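Notes follow once the structure below has been shown.
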Amino acid sequence: AQTVTQSQPEMSVQEAETVTLSCTYDTSESDYYLFWYKQPPSRQMILVIRQEAYKQQNATENRFSVNFQKAAKSFSLKISDSQLGDAAMYFCAYSSDNAGGTSYGKLTFGQGTILTVHP
Amino acid sequence: NAGVTQTPKFRILKIGQSMTLQCTQDMNHNYMYWYRQDPGMGLKLIYYSVGAGITDKGEVPNGYNVSRSTTEDFPLRLELAAPSQTSVYFCASRQHRVVYGYTFGSGTRLTVV
């Protein structure tokens with residue numbers, strides 16, 4: 001079974017600085033997707049960024065970028081120029097793209113990292 | 001353009017009571033999911049559906065039931081509520097291709113006392 005591990009329960013960063021959130025995963029599949037979701041106090045799950053495993057290029061969305069190391073099964077999120085509105089719980093998630101597998105299309109989540117942004 | 005709508009947003013149940021959490025999506029997605037999120041934890045899959053009339057168990061299905069009579073609706077039934085079911089429940093849906101991601105509802109906070 002796939003597992004996703006976020007080893008940092010909490011992180012903090014100064015406004016305008018850069019922070020990196022860590023995520024590792026375990027899978028035997030070759031076709032999959034990785035996601036970072038943001039959950040602010042409102043509870044809404046907001047997609048921050050996604051990475052397709054077959055793409056070597058790291059995904060980037062404005063101030064958010066990932067460092068995808070497929071061989072190491074690592075998927076970290078870098079937030080540049082941190083803003084107060086970035087404060088939230090961040091979840092790393094995995095989804096198989098193997099239509100023949102039992103995990104196809106289901107999201108497996110890490111435990112989450114609470115990010116605090118200091119003014 | 002409502003996306004995924006969950007009702008109610010909050011609910012307090014007494015031990016042994018039953019209730020149904022409603023989930024409706026207007027995006028014509030075949031795939032729908034129910035997750036629960038315990039305090040300080042990630043989301044765990046309860047049940048999922050790949051289309052009307054087809055449902056299957058996820059990681060933590062005990063104490064719950066689902067049905068999928070239409071593409072739009074995917075209600076989650078709690079029978080004989082227990083304190084261990086105190087959690088936040090999320091419904092989600094997605095298009096056929098996983099790459100397009102998932103749309104989540106805003107969640108239902110359930111407390112069983």
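Listed values, structure above:
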quantity	calculated
Whole-Hz couplings from phi, Karplus 6.51/-1.76/1.60, listed for segment B:68-85; x for Gly and Pro	9, 8, 9, 5, 6, 10, 8, x, 10, 9, 9, 9, 6, 4, 10, x, 5, 8
Per residue value of the accessible surface for the protein assembly as shown (all protein chains in place, 1.4 Å probe), Å²	47 Å²
Inverse mean reciprocal Cα-Cα distance (Kirkwood Rh) of segment B:22-113, Å	13.3 Å
Relative contact order for chain A, counting Cα pairs under 8 Å that sit 6 or more residues apart, in percent	36 percent
Interface residues in segment A:30-64 - accessible area drops by 20 Å² or more relative to the isolated chain, probe 1.4 Å	A:Tyr33, A:Phe35, A:Tyr37, A:Gln39, A:Arg43, A:Gln44, A:Met45, A:Arg50
1.4 Å probe, heavy atoms, protein only - residues of segment B:79-105 losing at least 30 Å² accessible area vs chain alone	B:Phe90, B:Val98, B:Val99, B:Tyr102, B:Phe104
Selected from A:Lys78, A:Lys70, A:Lys55 as most flexible by GNM, with chain A as the system and alpha-carbon contacts under 10 Å	A:Lys55
Ellipsoid semi-axes in whole angstrom, largest first, where each is sqrt(5λ) of the Cα gyration tensor of segment B:63-112	24, 14, 8
Backbone HN-Hα couplings from phi across segment A:36-53 [Karplus 6.51/-1.76/1.60, Hz, Gly and Pro as x]	10, 10, 10, 10, x, x, 5, 6, 4, 8, 10, 6, 9, 6, 9, 9, 8, 4
Rel. contact order, % - alpha carbon contacts under 8 angstrom, at least six apart, chain B	35 percent
Value of Rg to Rh for segment A:3-118 (Rh from inverse mean 1/r over Cα pairs, i.e. Kirkwood)	0.97
Solution diffusion estimate, µm²/s, Stokes-Einstein, the protein assembly as shown, Kirkwood Rh from C-alpha pairs, 4 °C, viscosity 1.567 mPa s	71 µm²/s
Buried accessible area, chains B and A (both chains, 1.4 Å probe, Å² to nearest 100)	1900 Å²
GNM result for chain A, Cα springs below 10 Å: residue of A:Ala88, A:Ala71, A:Ala16 fluctuating most strongly	A:Ala71
Solvent exposure ordering (accessible area, 1.4 Å, most first) of A:Glu10, A:Glu52	A:Glu10, A:Glu52
Integer Hz, Karplus 6.51/-1.76/1.60 couplings in order for segment B:32-40, x for Gly and Pro	9, 9, 10, 10, 10, 10, 7, x, x
Interchain or long-range residues, amide H under 5 Å from B:Arg68's placed H	B:Gly53
Solvent-accessible surface ranking, highest first, for B:His96, A:His118, B:His29 at 1.4 angstrom	B:His96, A:His118, B:His29
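The values are calculated or read from the model by the stated rules, or taken from the named source; none is laboratory data. This is a predicted model, so every value here is computed, not measured. In case anyone asks, the SASA skips ligands and DNA or RNA and just uses the protein heavy atoms, side chains included. Shrake-Rupley method; radii C 1.70, N 1.55, O 1.52, S 1.80 Å.
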